[in-house]
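Note sheet for the following structure.
Since every read-out is calculated from the coordinates, none of them should be taken as a lab result. What you see is a predicted model, and the numbers here were worked out from it, not measured in a lab. Heads up, the Cβs are rebuilt from the backbone with ideal geometry, glycines too, and the neighbour counts pull from every protein chain shown.
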Amino acid sequence: MTSAVFVIVNPAAGRGGSLHQAAAFRDSLPDRVIAEIAFTRERGDEERLASLALNDRADVIVAVGGDGTCSGIASAILRSGNKCQFAIVPSGTGNDIAKTLGVNDQTPERIAALVSSGVGSKIDVGLVDGRYFINSCGFGFDASVLEATQTVRFLKGDAVYVYSALRQLFTYRGINVSVDAIADAGADKMLMLTVSNGRFLGGAFRIAPHASVVDGELDIGFFGDTGLMGRVRIFAGAFRGTHVGLPSVKTKRVAEMTLRFPAPPMMEVDGELRHALSSTVKIECVPHALNVIAAPGYPV
């Protein structure tokens, strides 16, 4: 049986390494698989290209890039209602979504074998402000760090986010937010609020160590702002996921919730910085919405 695989490449990802990875992936597909490759030129291109692939009846769409590329392609699939499978050849900074699917350390050749097998799973996704996300959505410190990473040119990979987070520890002022229907969310003044479908953030941090993309819920992290030393403890603990035991950190699993801010906030959505449409932000989980190709034993 012939399969149609559409590969969408962000040529800027991985400092240009995505081009080599895309070629290695395509060359490793069996002859019975028809593969087309398209390249993004600007932000948002991945969604347009994914929509074209869906119109051409693609069986699988493969993202070669980072979390932003993955999120855009997945959003196009989800909006279409198509059952097309989604796969990743990771080539980004954090590759959080690839970690969730167990393919972050897999070679393009191994991922090609997974795609040609056709074996897939279904995962939950999140919806914020009318926008789908696969991995995470964050407010406050998280969004501020992401903004800071855009000026770092001398590092790559996880080091970009770690370096930017360290700098923000000393200067970030915190956020004011109230949470509907969650009585024990903690103080209104927070360092950050994270909404996690997957477990990882910024590549290096296990921000939601107990999160699952197959449980029908999102893991919410409420991080109280307790001064510089408290921030340092959170930062150090987040590498291993032990921050969830700190008094200033509270967690909750929810199917949906509403956040209220003094003004429309900036937010991190799957590694992309976005401005909320209003000061009231609704977030919900959409269970088992996306068909994915993952490594054996994943997703969890």
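Rounded to the nearest 0.05, what FRET efficiency is calculated for residue 23 and residue 80 with R0 set to 25 Å and r the Cβ-Cβ distance?
0.35
Panel order for 250, 83, 99, 122, by other beta carbons found within 10 Å of each beta carbon, from fewest to most: 83, 122, 250, 99.
Among 70, 285, the ranking by other beta carbons within 10 Å of each residue's beta carbon, starting with the fewest, stands as 285, 70. With each label modelled as a point 7 angstrom along the Cα→C-beta vector, the residue 254-residue 228 pair spans 3.3 nm. Within the chain, the ratio Rg/Rh, alpha carbon atoms throughout and Rh by Kirkwood, equals 0.97. Once each of the chymotrypsin sites (Phe, Trp or Tyr not before Pro) sitting in a DSSP loop with at most 16 other beta-carbon atoms within 10 Å is removed, the chain keeps 1-153 as its longest stretch.
Listing 178, 212 from the residue with the fewest other Cβ atoms within 10 Å to the one with the most, what is the order?
Least to most surrounded, the residues fall as 178, 212.
So between residue 169 and residue 41, what do we pick up on full extension, going 0.36 nm a residue minus the alpha carbon distance?
Working it through step by step, the gained length comes to 42.7 nm.
Once backbone amide H atoms are built at 1.01 Å from N, residue 133 has 126, 127, 128 as its partners under 5 Å, excluding neighbours fewer than 5 places away on the same chain. Annotation: extensible slack from residue 107 through residue 31 equals 25.4 nm (criterion: 0.36 nm per residue apart, minus Cα-Cα distance). Residues in region 158-169 carry Karplus couplings, in order, of 4, 4, 4, 5, 4, 4, 5, 5, 4, 5, 6, 4 Hz; the curve used is 6.51 cos²θ - 1.76 cosθ + 1.60 with θ = phi - 60°, and Gly or Pro positions show x. Cross-link partners for residue 99 among the lysines, with Cα-Cα distance under 23 Å and sequence neighbours closer than 8 places in the same chain left out: 83, 122, 156, 252.
Over the chain, what is the relative contact order in percent, taking alpha-carbon pairs closer than 8 angstrom and at least six residues apart?
21 percent
Once you reduce region 115-157 and region 1-47 to the center of their Cα atoms, the two points are 20 Å from each other.
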